[in-house]
Every structure is written in structure tokens, then in C-alpha cells.
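Let me begin by presenting the structure, written as C-alpha cells, before commenting on it.
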Amino acid sequence: MSGPDDASGSAIGKALCAGTATLRQAGIDQPRHEARLLLEAASGLSPAAQLSDRHAALADATLQSFHRLVARRAAQEPVSRILGRREFWSLAFAVTPDTLDPRPDTETVVEAVLAARPDRAAPLRVLDLGTGTGCIVLALLHEYRHALGVAVDRSPAAIAVAQGNARALGLADRFLPLAGDWAAALTGAFDVIVSNPPYIPGGEIAGLAPEVRCHDPRDALDGGADGLDAYRALASCVARHIAPDGVIALEVGAGQAPAVAALLSAAHLRIHDIRADLAGIPRCVVAGQQPG
Ligand code: GLN
């Protein structure tokens, strides 16, 4: 029996087999799937075309470029960094060394807002603090067709990436990116405030997987000694800028939900919900103003 990547006499199939074996040896989780994505980047052939043309030859230059990409992945560089692209909320986002790589866990924040504000036609004012690629706010603008988004990041380079993503997704006319320190430059109230701030305790960064430690910007990870520095800054800031019936949805690291909820409560906010991600980890603290 020959499998879909049967190597017999096929340059594409052979290259895929070799690339898959290299990635498997390096301990990569989905070696065949990732080898296909890397071959697509090197050759322009979609995974479907790779299957149907598996007996076709590859140009030497294409093969060399594929080997280089496989070597980068084998050295623990994430595929999203190699491709400069990551899917989030089924939308394509450019990712650069200046931005955190969007994670599926962060979709929990988008889901939390959608659950709290089911009317997709609502003209919401959305604020994303520490936007990075813009993935959270742009996913929300994609869902709420009349919403306006303001995205703040301390890194002007990240803001440029978010702006490019907004344009590529056709959302730029409802999107205002700003370089700055949290909400310091902002006035007024927002119906939705979201954030995935840096929350890794500084001392734990050295122990993270190389995919994270070596490739995500340290400023997007480092939450200070206990991981909660950003939430301390955010608590008073979101309390000041949330509309009376607005919704605040903050991503948190594993085990941080109670401490973040306590910080928001101390800023006179009311905790509405703590949502778990797909792995069952409490991942998003949802809050709003106290009634009355
Ligand atoms: N989700 C990232 C990780 O655990 C951390 C992102 C963050 O600090 N906001 O690797």
C-alpha cells in the first residue's frame, strides 16, 4: 500500500517524506502537516496540489528553500513565524518579530465578548489594549459589522502590523491604531474593552518552550515578578474607560483568574464571568461596572 506521501520515484513525495522525518526527529508534534505547509511556502503548491502532483519534480532552488524552512522548524521556530502568518478566528493575520504570535486560547476572549453582546449589529466602541497583531479587536470588528475599534500598543512596530492586518481584512475604515501606553492618550468610554497583556512571571520565561521564549517579543510576555503587573495597571484604566453597561474581557494565564478578578473588584468593577479555554483552563475574566 502506498500512502499519500509515498516517496517512490516522486520528488514532491520524497521531499515531503524527508522533511516529515526531520521534523519528527526534532520532536515536532504534527510533522507531516507542518512539512506540507513549509513545502507550500517553498513551492507555492497547496497541500492539495502536493498530493495530486506528488510524482512531479521540484526545482533544485525550491527543494533547497524547503530544506532551509524545515531546518528552521526543526530548530523550534514556530511555523507561523516562518510563514509570517497565523490564522486566528479563521482570519489570516501577518505576524512579525514585533508581535506576539496569536494563540487559539485567545479566541476565548472573542467568544466571551460575543456571549455578552449577542447583537452583531450593535454599533459598539471597542478598545484593545496591547493589541499586537490586532487579532482580538479585528476578529470583533469582523463579527460586529457596525463596530469601531481603537487599538493601542506600546510598540509602534506592532501598531504598523495591526494596521496592515486591518487593511488586508478590509476593516481599516473602522479601525484606529495608536502607539501609546495603555489608555493614557484616550478620553471617553468604550462598550467593550479587551486585552491579552503580558502575564508570564518574569522568572518563568527562561523555562518556556523555545517556540515562545526565543520568538515572542519579551515585552509581550513579561508580566513582572508575579505576572500581574499589567493587570495592576489595567484595572484602574479599564474602570475609567468602560461604558456603564460595557463589557471588559481580559485574557489571563493559567491560575491567574482569581488574582485578576480581585484586582478588578478592588477597582470597583463587578465580575460577570470567568471563561475557560478549550483545554478547560480559566482563560478570560469578564467584568463590568457595578450597577447603580
Ligand atoms: N499565551 C502566551 C503563552 O503562554 C503568553 C501571552 C501573554 O503573556 N499574554 O505562551
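The values are calculated or read from the model by the stated rules, or taken from the named source; none is laboratory data. All values derive from a computational prediction rather than experimental measurement. Virtual Cβ from ideal backbone geometry, glycine too; neighbours counted across all protein chains shown. For accessibility, only protein heavy atoms count, side chains too; no ligands or nucleic acids. Shrake-Rupley method; radii C 1.70, N 1.55, O 1.52, S 1.80 Å.
Report whether or not ASP173 is among the acidic types (Asp, Glu), at pLDDT 95 or above and within 11 Å of the ligand (Cβ to nearest atom). No, not satisfied. Which condition number does HIS142 fail, the rest of (1) open to solvent by 70 Å² or more (accessible area, probe 1.4 Å); (2) assigned to a loop (DSSP other than H, G, I, E, B) being met? Result: HIS142 fails condition (2) only. When region 189-216 is filtered for residues that are touching a residue at least 60 places away in the same chain (Cβ under 8 Å) and more than 10 Å from the ligand (Cβ to nearest atom), the ones remaining, listed by number, are ALA189, PHE190, ASP191, VAL192, ILE193, VAL194, PRO210, CYS214, HIS215. Scanning region 240-255 for residues that are within 11 Å of the ligand (Cβ to nearest atom) and open to solvent by less than 30 Å² (accessible area, probe 1.4 Å) yields a total of 4. For first residues located in region 245-256 and under 15 Å from ILE281 (Cα atoms), partners that are among the polar types (S, T, N, Q) and open to solvent by less than 10 Å² (accessible area, probe 1.4 Å) and lie 6+ apart or on another chain with Cβ distances below 9 Å form the pairs LEU250/SER195; GLU251/THR106; GLU251/THR108; GLU251/SER195.
Tell me which helices (runs of 4 or more DSSP H) are completely within region 16-135 and hold 3 or more residues being closer than 21 Å to TYR199 by Cα and of a type outside the set (Val, Ile, Thr), or say none if there are none. Lay out the reasoning, then the answer.
On the way: elements: 31-43, 47-52, 60-74, 79-83, 107-116.
The helices (runs of 4 or more DSSP H) meeting that bar are 107-116.
Among the residues of region 261-287, those that are within 12 Å of VAL247 (Cβ to Cβ), surrounded by fewer than 20 Cβ atoms within 10 Å (Cβ to Cβ) and without any contact (Cβ under 8 Å) to a residue 60 or more places away in the chain comprise ARG270, ILE271. Among the residues of region 101-147, write down those that are touching a residue at least 60 places away in the same chain (Cβ under 8 Å) and farther than 22 Å from ARG283 by Cα. Residues satisfying the conditions are ALA122, LEU124, ARG125. Is one or more of the residues making up region 225-239 surrounded by 15 or more Cβ atoms within 10 Å (Cβ to Cβ), within 21 Å of ASP101 (Cβ to Cβ), within 14 Å of the ligand (Cβ to nearest atom) and free of Cβ contacts under 8 Å to residues at least 60 places away in the same chain? Checking region 225-239: at least one residue is surrounded by 15 or more Cβ atoms within 10 Å (Cβ to Cβ), within 21 Å of ASP101 (Cβ to Cβ), within 14 Å of the ligand (Cβ to nearest atom) and free of Cβ contacts under 8 Å to residues at least 60 places away in the same chain. Taken together, the criteria exclude THR106 from residues that are under 12 Å from the mean Cα position of the chain (by Cα), of a type outside the set (Gly, Ala, Ser) and open to solvent by 30 Å² or more (accessible area, probe 1.4 Å).
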